[in-house]
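*Asks:* Pasting a structure below so you can have a look.
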Amino acid sequence: APTLLLVGSLDGPVIGMNERALAALKGEKQLIIIDGAGHLFEEPGTMDEVVRHATRWFLEHLAPPEGPRQ
C-alpha cells in the first residue's frame, strides 16, 4: 500500500527511524521532513503543513473506485 511518512526536522532520532523504514518499504512511498517541527508538531504552522501533505496524499491515493455506488 502507498505509505507517507511525516517527521519533524527537529526530531533527529525519529528521522533516522523513518529513513530506515522508507528503505525497507516496497511500493510507492514518500518521506516528508517538516522544517522546524519537533516530535509532536507543536510549533506554529507545522501541524498545518502536516495536514496539507496528508490531505494531498489521501486525495491522490484514496480516490473512490470507479463505477456505480452500491
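*Asks:* Of all residues being within 17 Å of residue 2 (Cβ to Cβ) and among the acidic types (Asp, Glu) in segment 12-70, which is modelled with the highest pLDDT? Just the residue, please.
*Replies:* 28
*Asks:* Could you give me the residue pairs with C-beta distances under 6 Å whose first residue belongs to segment 1-26 and is touching a residue at least 40 places away in the same chain (Cβ under 8 Å), whose second residue is outside any helix (DSSP H, G or I) wherever it lies, and which are 6+ apart or on separate chains?
*Replies:* From residues that are touching a residue at least 40 places away in the same chain (Cβ under 8 Å), the pairs are 2/28; 4/30; 6/32.
*Asks:* Okay, next question. State the number of residues belonging to segment 24-70 that are more than 18 Å from residue 13 (Cβ to Cβ) and hydrophobic (A, V, I, L, M, F, W, C).
*Replies:* Looking only at that region, the number is 10.
*Asks:* State whether the residues of segment 2-20 include one that is surrounded by 11 or more Cβ atoms within 10 Å (Cβ to Cβ) and basic (Lys, Arg).
*Replies:* No; the residues of segment 2-20 include none that is surrounded by 11 or more Cβ atoms within 10 Å (Cβ to Cβ) and basic (Lys, Arg).
*Asks:* Take residue 35 and tell me if it is among the acidic types (Asp, Glu) and in contact with a Ser or Thr (Cβ under 9 Å, 6 or more places away or on another chain).
*Replies:* Values: among the acidic types (Asp, Glu): yes; in contact with a Ser or Thr (Cβ under 9 Å, 6 or more places away or on another chain): yes.
It is true that residue 35 is among the acidic types (Asp, Glu) and in contact with a Ser or Thr (Cβ under 9 Å, 6 or more places away or on another chain).
The values are calculated or read from the model by the stated rules, or taken from the named source; none is laboratory data. Remember, predicted model here, so these are calculated numbers, not experimental data. Cβ atoms come from the backbone with ideal geometry, glycine included; neighbour counts cover every protein chain shown.
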